[in-house]
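For reference, the structure discussed in these notes is given below.
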Amino acid sequence: MNWGLHMGAINGKDYINRLDQLNNEIWYDGEKVEGFISQHPAFKGLIQSKAALYDLQHDPIIKDEMTFISPLSGEPIGLSYLQPKTKEDLLRRRKMIVHWAKYSGGLMGRSPDYLNTVLMSFASSVSYLKDKDKCFPSNLQSFYELARENDFSFTHTFISPQVNRSQMYLEDTSEPIAAKVIEKNEDGLVIKGARLLATQGGLTDEVLVFSAGKFLFNEDEAFAFSIPSNTRGIKFICRDSFLGGPSSFNHPLSSRFEEMDSIVVFDNVLVPWDRVFYYNAEIAGEFPIQSSFHPFAKHQVLIRQIVKTEFVLGIAELLIETINISEYQHVQEKMSEIIIGLETMKALLEKSENNAKLDEWGYMRPEIFPLQVAGIIFPKIYPRFTEIIQLIGASGMITLPSEKAFHSTIKSDLDLYLQGANKTAEERVKIFRLAWDLTMSSFGTRQTQYERYFFGDPIRLSSELYKKYPKKEYTKIISDFLSLKKED
Ligand SMILES: Cc1cc2nc3c(=O)[nH]c(=O)nc-3n(C[C@H](O)[C@H](O)[C@H](O)COP(=O)(O)OP(=O)(O)OC[C@H]3O[C@@H](n4cnc5c(N)ncnc54)[C@H](O)[C@@H]3O)c2cc1C
């Protein structure tokens, strides 16, 4: 494929055509996927939804809110690649994220803006890598520009296989398990081993690989690069599909937004030098923390999670209206929990944007603490939201005849016995099916697990917040109050 071309912001057709041509090596249910991936029943719904997102970049009503003008080509390019330099830029980014998130009720965690933002955030801190050993900032900069100008889509793998998570563990198997550099030659790095967990793995142009964590004794695992998904030797091994079926009546969410997750296997994969961003244990530990990765990526995540919470609130209230249970105090209290979550997340977003500051490289970073707080709260409140929906819906979450049943001779029974307080039986079942697919289907339970671990392990994220949060001024209040000896 000729990546020298400047495609600008792509539409849905461009995305699908490009993906079908890649012929990525995807393994599903023990078989290698053959033919156009966009036609495969397990992936079709998601690919169509992603195409619809890309089409929004060309929607005459919002295209100016979805794109900006390329400094290189003068053509419109995707706004998720915009490096914010002002607070207005942050607000422009927010609008774009909301447009894309609303399409799926925030259920597509890896809508293209997520990883475009991640790449943009790393590129915005490229100067950090300057003059450092085994760091190639110009590769990162030119790759960012290439991706931005061609509107690449990405999957990513940041973690190693879950073999042994003891802090003392050091892999010493004869064959690498966690992806490692097994050779350096004049063409690039040769990688062997596996990485987790690539949501939409195989369904994107590129695989973005960053190492997360500390690499005291294993520099061969400390790297960052991006390569095309069809690079020789890359395999995507999918989990079982959580698609309930193609009917949007029966499976309103999984039929459209089942993103799929995969293990990525690197079987002696050559990563050409011009795609290597760094290969250095110290930098692999530092860069994700010192760069604007956390503020920019968490800003995108929080906006999507707010849209998702609005979606949850809407479903919960419709359940209540449908069976007329709003008079009960415990129902009101449960709804207030969702409202409190929503308002808290919105306030944290506002604070992070209001207190945004230019970083040392001239980019406008939202304040990190409110974003960190939101990132720790959501994995706790989202599972509770799903529980609230189940408690409100009760048996309605189970009484769910199919679309076919409503077109059979049994329909008159269904119409009578499944009607709601102010809804026909068909409407009532539609609403409850949506609630079920969000919280109880295999798709729904994955959503809960997804939000728990979306941005890493919340336990370790809490430790980071505790360690980084300035606490001195508060201990000083107490020291003064007790007239303790002055601390330095
Ligand atoms: C649905 C889903 C989609 C995902 N999509 C992606 C993706 O697209 N790309 C990607 O890169 N990743 C993805 N992930 C992976 C995600 O980033 C990880 O789940 C997350 O970082 C936690 O790592 P882990 O799953 O390996 O948990 P582990 O690290 O194995 O943790 C297991 C348990 O041990 C505890 N534990 C382990 N080590 C420590 C420690 N040092 N200190 C304290 N407690 C510890 C944890 O708290 C947890 O309870 C996805 C995960 C899910 C569930």
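The values are calculated or read from the model by the stated rules, or taken from the named source; none is laboratory data. Nothing here was measured: the structure is a model prediction, and the numbers come from that model. Here the Cβ positions follow ideal geometry from the backbone for every residue, glycine too, while neighbour counts run over all protein chains shown. We work out accessible area using only protein heavy atoms, side chains counted, and drop any ligands, DNA or RNA first. Shrake-Rupley method; radii C 1.70, N 1.55, O 1.52, S 1.80 Å.
Worth pointing out:
- For the chain, the square roots a ≥ b ≥ c of the C-alpha gyration tensor eigenvalues yield an a/c of 1.5 or more together with a/b not exceeding b/c, which makes the shape oblate.
- Cut-off under 5 Å, modelled amide H: who pairs with His156 long-range: Thr199, Leu208
- In this structure, the pairs whose alpha-carbon distance is over 21 Å, taken from Lys87/Lys346; Lys192/Lys298; Lys95/Lys346; Lys132/Lys184; Lys95/Lys308, are Lys192/Lys298.
- Entry note: region 171-302 has Rg to Rh equal to 1.04, where both radii use alpha-carbon atoms and Rh is the Kirkwood radius.
- Charge dipole (region 145-248, unit charges on Cβ, about Cα centre) - positive-most of Gln200, Phe152, Phe217: Gln200
- In region 99-147, trypsin sites (Lys or Arg not before Pro) in a DSSP loop with at most 15 other beta-carbon atoms within 10 Å: Lys130, Lys132
- Straight-line cross-link partners of Lys476 among the lysines, defined as a Cα under 18 Å from its Cα and at least 8 positions apart when in the same chain: Lys467, Lys468, Lys485, Lys486.
- The charge dipole of the chain, taken about its Cα centre with unit charges on the Cβ of Lys, Arg, Asp and Glu (plus for the first two, minus for the last two), comes to roughly 860 debye.
- In order through region 328-345: 3J(HN,Hα) via Karplus (6.51 cos²θ - 1.76 cosθ + 1.60), integer Hz, x for Gly, Pro: 7, 5, 5, 5, 4, 5, 5, 5, 5, 4, 5, 4, 4, x, 4, 5, 5, 5
- Close amide-amide hydrogen proximity is noted between Leu189 and Val271, Trp273, each under 5 Å apart and 5 or more residues distant or on a separate chain (H modeled in the peptide plane; Pro and chain starts excluded).
- Positive minus negative residues near Leu146 (Lys, Arg vs Asp, Glu; Cβ under 13 Å): -4
- Between Glu333 and Trp273, the distance separating the two model label sites (each 7 Å from Cα on the Cα→Cβ line) works out to 6.7 nm.
- Charge dipole of region 320-476 about the Cα centre (unit charges at C-beta), most positive-ward option of Ile388, Gln329, Thr448: Thr448
- Charging the Cβ of each Asp and Glu at -1 and of each Lys and Arg at +1, and nothing else, the dipole of region 322-377 about its Cα centre rounds to 60 debye.
- Each of Ala421 and Lys214 was given a label point 7 Å from its Cα along the Cα-to-Cβ line. The distance between the two points is 5.6 nm.
- For region 176-276, a crude dipole built from +1 on the beta carbon of Lys and Arg and -1 on the beta carbon of Asp and Glu, taken about the Cα centre, is about 200 debye to the nearest 20.
- Per-peptide average of other Cβ atoms within 10 Å, ordering 270-283, 451-464, 425-438 highest first: 425-438, 270-283, 451-464
- Most positive-pole-ward Cα, Ser38, Ser49, Met96, against dipole of region 19-104 from beta carbon charges: Met96
- Among 148-157, 374-383, 387-396, the order from most to least packed when residues are scored by Cβ within 10 Å on average: 148-157, 374-383, 387-396
- Interchain or long-range residues, amide H under 5 Å from Trp361's placed H: none
- Ordering of 348-355, 332-339, 471-478 by packing is 348-355, 332-339, 471-478, highest average first (other Cβ atoms within 10 Å, averaged per residue).
- Counting only protein heavy atoms and a probe of 1.4 Å, the accessible surface of the chain is 54% carbon and sulfur.
- Region 1-78 and region 298-330: distance between their alpha carbon centers, rounded to Å: 31
- Put the Cα centre of region 424-465 next to the Cα centre of region 179-231 and the gap is 29 Å.
- Residue-averaged [θ]222 nm for the chain, counting only DSSP H segments that reach four residues, each worth -39500 (n - 2.57): -15000 deg cm²/dmol
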